[in-house]
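Enquirer: Right, I'll just put the structure down here and ask away after.
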There are 2 protein chains.
Amino acid sequence: MIPKNLTAASTKLIILGILRQGNSYGYLIIKKIKELSGGKMKYSDGMLYPVLHNLEKEGLIQSEWVMQDDARPRKYYAITENGKKELVAEREHWVHVNSVLEAIWQLKPTK
Amino acid sequence: MIPKNLTAASTKLIILGILRQGNSYGYLIIKKIKELSGGKMKYSDGMLYPVLHNLEKEGLIQSEWVMQDDARPRKYYAITENGKKELVAEREHWVHVNSVLEAIWQLKPTK
DNA sequence: TCGTATACTTTGGTATTCTATGTATATAGA
DNA sequence: TCTATATACATAGAATACCAAAGTATACGA
């Protein structure tokens, strides 16, 4: 299992990335992440929903209740323009840190 | 500047990675990270030293005071066998999360 | 009717983070 | 001589983030 701090650091990026592809709702996002990561990243609902609320408060995503005929309503989230910008910026940060790590891993151990 | 949570999530990996290359001490590690990241990642000393203490408590690194002729003593850190194993494991986690993000970024936005 | 899957919410204790502050020394430059 | 800057390490405690746990609600299959 992926450690918590790494999960936490990638949450925003993952949610915004998924919503960039199309609107979705909490429960489905959790399943999507589990699927994409081959089961190695698992978000509990108690972990994900507060993050969604927070992203909405920041104006990066927008929610809308959608009624279902045969089930309870779902709260669909959509990425906003600001959210898209934020995604680009955060992605750059991630890629940068990744390249620093790659550089370190290239270093030969001196012995 | 790289956000804090991302910095935090990569700290362990970065420190262990640098020490794998050869022994070093706090002050130099801070400078090394700044250099490797082109100035985008900056650790304050107050941020780094507690992490070093913590890694030592976990047995991933080992410290030794080294006297200097013309300056104050330095506390050199070396990576332990456990530290090397941990580095490999953590690296796998990072690479895995990175691949999940890459997969998400590949997705075409449906519109 | 019981278990499971779906679906969202919130509280509050715990853990983590990191700012601010302190200690100490050497050297360059004004 | 005084000051600033670089070197070098340490820690208290305030602030923040995290997330497990518990709660609410509905549908459906066994």
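The values are calculated or read from the model by the stated rules, or taken from the named source; none is laboratory data. Bear in mind the structure is a predicted one, so any value in this text is a computation, not a measurement. Note: ideal-geometry Cβ built from the backbone for every residue, glycine included; neighbour counts use all protein chains shown. Heavy atoms of the whole protein, side chains included, go into the accessibility calculation; ligands, DNA and RNA do not. Shrake-Rupley method; radii C 1.70, N 1.55, O 1.52, S 1.80 Å.
Enquirer: Which of the residues spanning region A:92-111 are more than 7 Å from chain B (Cβ to nearest Cβ) and under 24 Å from residue A:57 (Cα atoms)?
Expert: A:92, the sole residue that qualifies.
Enquirer: Next question. Looking only at region A:23-40, decide whether some residue is within 14 Å of chain B (Cβ to nearest Cβ), open to solvent by less than 10 Å² (accessible area, probe 1.4 Å), in a loop (DSSP other than H, G, I, E, B) and not hydrophobic (A, V, I, L, M, F, W, C).
Expert: yes
Enquirer: Just to be sure, is residue A:84 within 13 Å of DNA strand C (Cβ to nearest atom) and either free of Cβ contacts under 8 Å to residues at least 24 places away in the same chain or under 19 Å from residue B:103 (Cβ atoms) (or both)?
Expert: no
Yes/no matrix, rows are residues, columns are (1) under 19 Å from the mean Cα position of the chain (by Cα); (2) under 14 Å from residue A:16 (Cα atoms):
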| position | (1), (2) |
| --- | --- |
| A:60 | yes, yes |
| A:67 | no, no |
| A:78 | yes, yes |
| A:87 | yes, yes |
| A:98 | yes, no |
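Enquirer: Follow-up question, since we're still on this one. Considering only residues that are near DNA strand D (Cβ under 9 Å from one of its atoms) and either in contact with a His (Cβ under 8 Å, 6 or more places away or on another chain) or more than 8 Å from chain A (Cβ to nearest Cβ) (or both), which ones fall in region B:1-22?
Expert: B:4
Enquirer: If residue A:72 satisfies every condition in (1) part of a helix (DSSP H, G or I); (2) farther than 13 Å from residue A:17 by Cβ but one, which is the exception?
Expert: (1)
Enquirer: To continue, here is another question. Return only the number of the condition from (1) surrounded by 13 or more Cβ atoms within 10 Å (Cβ to Cβ); (2) outside any helix (DSSP H, G or I); (3) within 16 Å of DNA strand C (Cβ to nearest atom) that residue B:77 does not satisfy.
Expert: So the condition that residue B:77 fails would be (3).
Enquirer: Out of A:11, A:110, report the one residue that is assigned to a loop (DSSP other than H, G, I, E, B), closer than 30 Å to residue B:36 by Cα and either modelled with pLDDT under 90 or not acidic (Asp, Glu) (or both).
Expert: Within the list A:11, A:110, the selection yields A:110.
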